[in-house]
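Below is one structure; the comments refer to it alone.
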Amino acid sequence: QVQLVESGGGLVQAGGSLRLSCAASISIFRLGSMAWYRQFAGKQREQVAAITSSGTTSYGDFVKGRFVVSRDSAKNTVYLQMNSQQAEDTGVYHCKAIKFSATYWGQGTQVTVSS
């Protein structure tokens, strides 16, 4: 079992920045990959960014260079730095980890961008 705990959400003005954190209960190198998803009310979750165990990163098309996913192996934590935020970024952001055939999710953290 893997526990994921997100933090760092909150209220930010349009154009501002937030950094989200996802702390894992085990070494992140034991996980196949980790990713950030976001979910809008009544909609399915969409992937924002991902980072593999080898450090390869990928982003959703809508990110357009505004976000950066990174990790700190010493803290077993993955981060999502969000810059130039827009009202459309408002939603609940979830962390996901994959270990072998199992998928784990965090409880999510709310991000609200005011225009």
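Take region 64-97 and flag every residue that is of a type in the set (Lys, Arg) and open to solvent by 50 Å² or more (accessible area, probe 1.4 Å).
Correct list: Lys64, Arg71, Lys75.
Report yes if Asp61 is more than 11 Å from the chain's Cα centre (by Cα) and buried (at least 18 other Cβ atoms within 10 Å of the Cβ), otherwise no.
no
Which of the residues spanning region 24-55 are open to solvent by less than 40 Å² (accessible area, probe 1.4 Å) and at pLDDT 95 or above?
Scanning region 24-55 gives Ala24, Met34, Ala35, Trp36, Tyr37, Arg38, Val48, Ala49, Ala50, Ile51.
Pairs please, first residue from region 49-73 and under 19 Å from Ser27 (Cβ atoms) and touching a residue at least 24 places away in the same chain (Cβ under 8 Å), second anywhere and open to solvent by less than 50 Å² (accessible area, probe 1.4 Å) and in a helix (DSSP H, G or I), Cβ atoms under 9 Å, 6+ apart in sequence or on different chains.
Listed pairs, sorted by first residue: Ile51/Ile28; Ser53/Ile28; Arg71/Ile28; Ser73/Ile28.
Just one of (1) assigned to a strand (DSSP E or B); (2) more than 11 Å from the chain's Cα centre (by Cα) trips up Met34, so point out which.
Only one criterion is unmet by Met34, namely (2).
Exactly one condition in (1) over 22 Å from Lys75 (Cβ atoms); (2) open to solvent by less than 80 Å² (accessible area, probe 1.4 Å); (3) at pLDDT 95 or above is not met by Gly10; state its number.
Only one criterion in (1) over 22 Å from Lys75 (Cβ atoms); (2) open to solvent by less than 80 Å² (accessible area, probe 1.4 Å); (3) at pLDDT 95 or above is unmet by Gly10, namely (1).
Test Arg66 against the criterion of being touching an Asp or Glu at 6+ places or on another chain (Cβ under 9 Å) and either over 25 Å from Ala102 (Cα atoms) or at pLDDT below 95 (or both), and give yes or no.
For Arg66, the condition - touching an Asp or Glu at 6+ places or on another chain (Cβ under 9 Å) and either over 25 Å from Ala102 (Cα atoms) or at pLDDT below 95 (or both) - is met.
Which of the strands (runs of 3 or more DSSP E) found entirely inside region 57-115 contain at least 2 residues meeting this: of a type outside the set (Ser, Thr, Tyr) and over 19 Å from Gly10 (Cα atoms)?
It comes to 67-72, 91-99, 102-105.
The values are calculated or read from the model by the stated rules, or taken from the named source; none is laboratory data. Keep in mind the model is a prediction, meaning the values are calculated, not measured. Positions of Cβ are generated from backbone atoms using ideal geometry, with glycine treated the same way; all protein chains shown enter the neighbour counts. Side chains are part of the model used for accessible areas, which takes the heavy atoms of the whole protein and leaves out ligands, DNA and RNA. Shrake-Rupley method; radii C 1.70, N 1.55, O 1.52, S 1.80 Å.
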